[in-house]
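All remarks here apply to the structure that follows.
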């Protein structure tokens, strides 16, 4: 089920949360709404869910071509996973997952046996078999999140909406769950829209990245597109580390740390390189990060592989020559 | 060990603080409590029971139970609705509503009683004569119902009251005054509790398709049950023990408009000390019962709030 967002605006009092936002979310895709706090991404997600309504005007939300703008959340058929899970504290895991089914009107409600079977099916899907009688406070963060997911899926929603799904988890759990979600999404193929402020997460996980800032959409594209061809300084800076150089004529130039090369000072070529002294070296990780100080006092950040670091045998205080990979002029 | 010493007071200071707290506790709480029971039983068990079963005492107990029996459910209903409204929604005038809920606490109980006399008294804004006029059509309806329906007696009683509606210096006035002074208890207990719990679970229930009533019943209520019970206990204790407002509004008609606290005052003024204290033990027992249940609730809810 595709999602179409047309000209949505939302104001809270005097605060403009969204300004004329339009977006297409293709059927079956995993789309990330990425942006800093206050960019409007969560508001947009909640409007798609029906938990908020857009300002009066031309704005509308379509599910598979059907206008759902006026339909409240309960009847839109969305599955929503909240940042802090919002599990029902006093119910067991099984009761939590069954909730959506248990509140269906009599005529549509499945039998107790059918509900129980569906709960077990979902527990298997999220790899939480055997935990049906536990209560939320007896589960870890990652487990709670998966229960929240199972609960949202129980009602067979048309779209899945996740609000910073991994925001409240430890870094390691976050990475594991991230990978798990990608595999899971590929398995069930449900159109999924999620909100995050973590660009690594958005780039790693999604088919389509929507970069938002200050109530507007800055750029939409697949992860490769937005990272390699950012359309504005904001997108460039937000999606990764960046070096900002000011040229003599006043123009700004952006270069990523991994786009810079380090060579011996003896190989310095004045036409393309800059001389610099290593100020700080950080190599406890998959790549080595060097903070180098140029002659004019500015700092650059350079990323090189551990192998290169070993080959060059560098240390703090060494003089080196910095060039752009591919030998374009610095 | 070093840590412990860094954040607690030194031993002598701790001893002094604990001793002072115990002294104050004994002087202001334990001594009076002990005194009430001692005085009540001074002339023996027979006098004690006679004082409790005597007609005027019996009516007083009955009236207290009626006043509490009406005001506690009403204020529970009101408290739940107000807390739900204030914590799950944002609207203009929300802050004003929260302040108004606290109004009965800010007002002196005497004023809380006088206000009703000012409204419903003979010289008030809605005197009995005017009320009788307003209620006349209802009175005729009730009379007709009394003639036709099976519970004719009930409708007779209602018709009788509607024809000559006494509010102040009668039971309805006492009920109204009690409702007013115990207004805030349940709401004040629930509002911070529900505020701290947030609306996350309710929103989740919304997305899962539950209706408003369902959400309240299956999601909100189980989460607030201990706070609600606590609020109801406090509301009840105050409803049964209220003196000031009820005293002003009741008219002290012996055997008719005296609640238990008022009856105790009457007995004491007539120098029937043992009888007065005997009735007072009922209120003291109510206090002990309330405290006991309160700490029980506190312990159980402490167990269930583990995340």
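Would you mind ranking B:208, B:100 so that the residue whose beta carbon has the fewest other beta carbons within 10 Å leads the list?
Going from least to most buried by this count: B:100, B:208.
Over the residues of region A:79-149, compute the C-alpha Rg and express it relative to 2.2 N^0.38 Å.
1.07
If the elastic network links every pair of Cα atoms under 10 Å, which of B:225, B:11, B:166 fluctuates the most in the Gaussian network model of chain B?
Ranking B:225, B:11, B:166 by mean-square fluctuation puts B:11 first.
May I ask you to work out the translational diffusion coefficient for region A:161-231 at 4 °C, viscosity 1.567 mPa s, via Stokes-Einstein with Rh from the Kirkwood sum over Cα pairs, reported in whole µm²/s?
100 µm²/s
Which of the peptides B:49-58, A:37-46 is most tightly packed, and how do the rest follow, going by the mean number of other Cβ atoms within 10 Å of each residue?
So the peptides B:49-58, A:37-46, ranked by packing, come out A:37-46, B:49-58.
Stretched out fully, how many nm does the piece from residue B:62 to residue B:20 gain, at 0.36 nm a residue minus the Cα gap?
Gain in length upon complete extension: 11.0 nm.
Given axes a ≥ b ≥ c from the Cα gyration tensor, I'd like to know whether chain B is rounded (a/c under 1.5), prolate (a/b larger than b/c) or oblate.
oblate
Sorting check: for B:27-37, B:167-177, which peptide has the highest mean count of neighbouring beta carbons within 10 Å, and how do the rest follow?
B:167-177, B:27-37
Return, ordered by residue number, the residues of region A:1-26 whose backbone nitrogen is under 19 Å from a label point located 7 Å along Cα→Cβ of residue A:225.
In region A:1-26, the label zone of residue A:225 (backbone N under 19 Å from the point 7 Å along Cα→Cβ) covers A:2-7, A:21-26.
Determine the calculated [θ] at 222 nm for chain A from helices alone, applying -39500 (n - 2.57) to every DSSP H run no shorter than 4 residues and normalising by the residue count; nearest 500 deg cm²/dmol.
Value at 222 nm, helices only, nearest 500: -8000 deg cm²/dmol.
Grab the beta carbon distance between residue B:140 and residue B:270, set R0 = 30 Å, and tell me the FRET efficiency rounded to 0.05.
According to the calculation, E is roughly 0.10.
Just counting partner chain Cβ atoms within 10 Å, what average do the residues of peptide A:72-79 show around their Cβ?
4
Taking the Cα-to-Cβ direction at residue A:294 and at residue B:295 and moving 7 Å from each Cα, how far apart do the two end points lie in nm?
7.3 nm
What's log10 of I(q)/I(0) for region A:241-317 at q = 0.12, 0.20, 0.21 Å⁻¹, Debye sum over Cα points only, no solvent?
Treating every Cα as an identical point scatterer, log10 I(q)/I(0) equals -0.33, -0.92, -1.02.
What ranking do A:296, A:55 get, fewest neighbouring Cβ atoms within 10 angstrom at the top?
In order of increasing Cβ crowding within 10 Å: A:296, A:55.
Residues of A:92-100, mean number of Cβ from any other protein chain within 10 Å of their own Cβ, rounded to a whole number?
Shielding by partners across A:92-100 averages 2.
Going 7 Å from the Cα of residue A:175 in the Cα-to-Cβ direction, what parts of region A:265-289 have a backbone nitrogen less than 19 Å from that spot?
Only A:282-289 fall inside the zone, counting backbone N under 19 Å.
Estimate the FRET efficiency between residue B:52 and residue B:102 by the formula 1/(1 + (r/R0)^6), using the beta-carbon distance for r and 30 Å for R0, to the nearest 0.05.
Between residue B:52 and residue B:102 the formula returns 0.25.
Take the alpha carbon atoms of region B:33-103, find their center, do the same for region B:209-271, and report the distance between the two centers in whole angstrom.
After rounding, the separation between the Cα centres reads 2 Å.
Can you pull the one-decimal nm distance between simple spin-label points at residue A:305 and residue A:319, each 7 Å off the Cα toward Cβ?
Result for the modelled spin labels: 2.9 nm.
Per 20 Å bin, what is the whole-percent P(r) computed from every C-alpha pair distance within the protein assembly as shown?
Reading upward from the zero bin: 14, 31, 29, 18, 7, 1.
Would you mind telling me the antiparallel percentage of the DSSP bridges in region A:128-268, rounded to 5?
Antiparallel: roughly 65 percent of the beta bridges in region A:128-268.
With both partners inside the protein assembly as shown, how many of the DSSP beta bridges are antiparallel, as a percent to the nearest 5?
Within the protein assembly as shown, antiparallel bridges account for around 70 percent of the total.
What full-extension length gain, to one decimal in nm, is calculated for residue B:118 and residue B:132 as 0.36 nm per residue of separation minus the Cα-Cα distance?
3.3 nm
In bins 5 Å wide, starting from 0, what share of all Cα pairs of region B:1-97 does each bin hold, as a percent?
Bins of 5 Å from zero give 2, 9, 8, 8, 8, 9, 9, 11, 13, 12, 7, 3, 1, 0 percent of pairs.
Is there a simple number for the mean count of other chain Cβ atoms within 10 Å of the Cβ of residues in B:191-204, and what is it?
3
For n ≥ 4 DSSP H runs only, could you compute -39500 (n - 2.57) per run for chain B, divide by its residues and tell me the 222 nm figure to the nearest 500?
Helices in chain B give a 222 nm mean residue ellipticity of -25000 deg cm²/dmol.
Could you pull the Rg and Dmax for region B:153-307, using just the Cα atoms, both in Å?
For region B:153-307, the Cα radius of gyration and maximum Cα-Cα distance read 21.0, 67 Å.
In nanometres, what is the gap between the two model label sites at residue B:95 and residue B:252, each 7 Å from Cα along Cα-to-Cβ?
The modelled label-to-label distance comes out at 4.5 nm.
For each of A:113, B:246, count neighbouring Cβ atoms within 10 Å of the residue's Cβ, then give the residues from fewest to most.
If I rank by nearby Cβ atoms, fewest first, I get A:113, B:246.
Which three lengths, in whole Å and largest first, does chain A cover when its Cα atoms are put on their principal axes?
For chain A, the Cα extents along the three principal axes come out at 82, 49, 32 Å.
Where the centre of each part is set by its Cα atoms, how far does region A:255-272 sit from region A:44-103, in angstrom?
52 Å
Looking at chain A, send over the antiparallel percent of its DSSP beta bridges, to the nearest 5.
70 percent
Taken together, the values in this text are just the output of simple stated rules run on the coordinates, not laboratory data. These figures come from a predicted structure and were not determined experimentally. Ideal geometry is used to build each Cβ from the backbone, glycine not excepted, and the neighbour counts take in all protein chains shown.
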